[in-house]
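Shown next, in structure tokens, is the structure this report addresses.
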Amino acid sequence: MIDTIRQTADYIRSQVEHIPETAIILGTGLGALVDHIEDKQFIPYKEIPNFPLSTVEGHSGNLIFGKLGQKPVMAMQGRFHYYEGYDMKQVTFPIRVMQELGVKILCVSNAAGGMNKEFRVGDIMIITDHINLFPENPLRGRNDDRLGPRFPSMTNAYSPELIKKADEVADELGMRVMHGVYVGTPGPTFETKAEYEYFRIIGGDAVGMSTVPEVIVANHAGIKVFGVSVITDLGGKEITVEPTHEEVQKAAQEAQPRMMKLISELVNRI
């Protein structure tokens with residue numbers, strides 16, 4: 001696998017003059033952050049050797065290099081999901097390429113359903129921890145010590161240092177942000193009322209179909225992670241509204257300006 005990773009990384013290096021140490025994965029409806037990246041260079045996923053292709057509506061398929069404010073960044077415009085039929089090695093392959101390229105900090109964003117009764121649609125939740133309910137772990141199988149340890153710690157899977165900085169940014173901007181635990185599930189179905197209640201009982205605040213595999217591999221690779229969710233719908237026994245992908249996208253788009261301010265300012269303070 002490491003030869004495949006290096007082949008992909010070498011191709012990207014051949015296309016980009018300077019590789020940044022900060023990367024961002026843009027989730028559902030959050031791709032507009034790209035408009036704020038200056039001096040952009042796009043590399044379509046279809047041109048990158050060994051890269052999967054995103055099949056989800058609303059997810060573009062580009063690797064973007066440029067500056068967010070004064071900070072050089074790499075951005076994934078579109079991610080890969082387990083429910084698309086990819087195995088976990090494919091889902092997390094871009095993180096391995098980031099590792100090979102020398103990325104030190106990864107910001108991940110997603111749209112999520114909320115079950116914390118304090119949450120409102122449109123809230124931004126800083127992820128403080130996660131619960132992994134995927135049926136497969138991306139580290140399953142023989143470990144390659146060149147990529148990371150056999151048993152990586154996940155105690156601080158989401159960097160406390162970056163969370164503190166994000167809280168400072170939100171406070172200065174007068175922005176309402178919530179903290180919470182993200183529950184990762186395989187999808188592609190939205191959750192039942194009983195499932196929402198179960199996730200709340202076991203300690204979850206929001207649930208989605210991505211992020212967790214990427215964060216596991218990033219931690220295995222020694223990359224610091226900052227994660228944030230936009231709460232696009234609410235679920236539980238007392239909620240009768242049925243979520244749709246279109247409504248999730250709409251709610252995420254409405255939250256974009258606040259999300260962009262938070263991430264842009266955070267990235268520039270790292």
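Quick one: is Q99 modelled with pLDDT of 90 or more and closer than 29 Å to D205 by Cα? Full working, then the answer.
Working: modelled with pLDDT of 90 or more: yes; closer than 29 Å to D205 by Cα: no.
It is false that Q99 is modelled with pLDDT of 90 or more and closer than 29 Å to D205 by Cα.
Residues are listed down the side, and each one gets a yes or a no for (1) basic (K, R); (2) open to solvent by 20 Å² or more (accessible area, probe 1.4 Å); (3) assigned to a strand (DSSP E or B); (4) at pLDDT below 85:
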residue	(1), (2), (3), (4)
D3	no, yes, no, no
L33	no, no, no, yes
F42	no, yes, yes, no
P49	no, yes, no, no
S54	no, yes, no, yes
G58	no, yes, no, yes
V73	no, no, yes, no
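Here D171 meets each of (1) more than 18 Å from the chain's Cα centre (by Cα); (2) part of a loop (DSSP other than H, G, I, E, B); (3) modelled with pLDDT of 95 or more with one exception, condition (2).
When the stretch 75-110 is limited to residues that are open to solvent by less than 10 Å² (accessible area, probe 1.4 Å) and hydroxyl-bearing (S, T, Y), the one that is farthest from S14 (Cα to Cα) turns out to be S109.
Restricting I223, I201 to those that are of a type outside the set (K, R) and under 28 Å from R150 (Cα atoms) reduces the list to I223. Can you spot a residue in the stretch 232-249 that is modelled with pLDDT under 95, within 14 Å of C107 (Cα to Cα) and open to solvent by 70 Å² or more (accessible area, probe 1.4 Å)? No: zero hits.
Residues are listed down the side, and each one gets a yes or a no for (1) part of a loop (DSSP other than H, G, I, E, B); (2) in contact (Cβ under 8 Å) with a residue 40 or more places away in the chain; (3) touching a His at 6+ places or on another chain (Cβ under 9 Å):
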| residue | (1), (2), (3) |
| --- | --- |
| D129 | no, yes, no |
| R146 | yes, yes, no |
| R150 | yes, no, no |
| H179 | no, yes, no |
| V183 | no, yes, yes |
| E191 | yes, yes, no |
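Here are some residues: K67, K117, K89. Which one is free of Cβ contacts under 8 Å to residues at least 40 places away in the same chain and either out of contact with any His (no Cβ under 9 Å at 6 or more places or on another chain) or part of a helix (DSSP H, G or I) (or both)? That would be K67, the only listed residue that is free of Cβ contacts under 8 Å to residues at least 40 places away in the same chain and either out of contact with any His (no Cβ under 9 Å at 6 or more places or on another chain) or part of a helix (DSSP H, G or I) (or both). Looking at the stretch 188-208, is at least one residue among the polar types (S, T, N, Q) and crowded, with 19+ Cβ neighbours inside 10 Å? So far as the stretch 188-208 goes, no, none of its residues is among the polar types (S, T, N, Q) and crowded, with 19+ Cβ neighbours inside 10 Å. Return the residue satisfying two criteria in turn: it lies in the stretch 135-151 and is surrounded by fewer than 19 Cβ atoms within 10 Å (Cβ to Cβ) and touching a Pro at 6+ places or on another chain (Cβ under 9 Å), and of such residues it is nearest to D167 (Cα to Cα). Filtering first and then ranking leaves N137. Residues in the stretch 92-108 that are aliphatic (A, V, I, L, M) and in a loop (DSSP other than H, G, I, E, B): V103 only.
The values are calculated or read from the model by the stated rules, or taken from the named source; none is laboratory data. Not measured: the values here are computed from a predicted model. Cβ: placed from backbone, ideal geometry, glycine included. Neighbour counts: every protein chain shown. The area values use the complete protein model at the heavy-atom level, side chains included, leaving out ligands, DNA and RNA. Shrake-Rupley method; radii C 1.70, N 1.55, O 1.52, S 1.80 Å.
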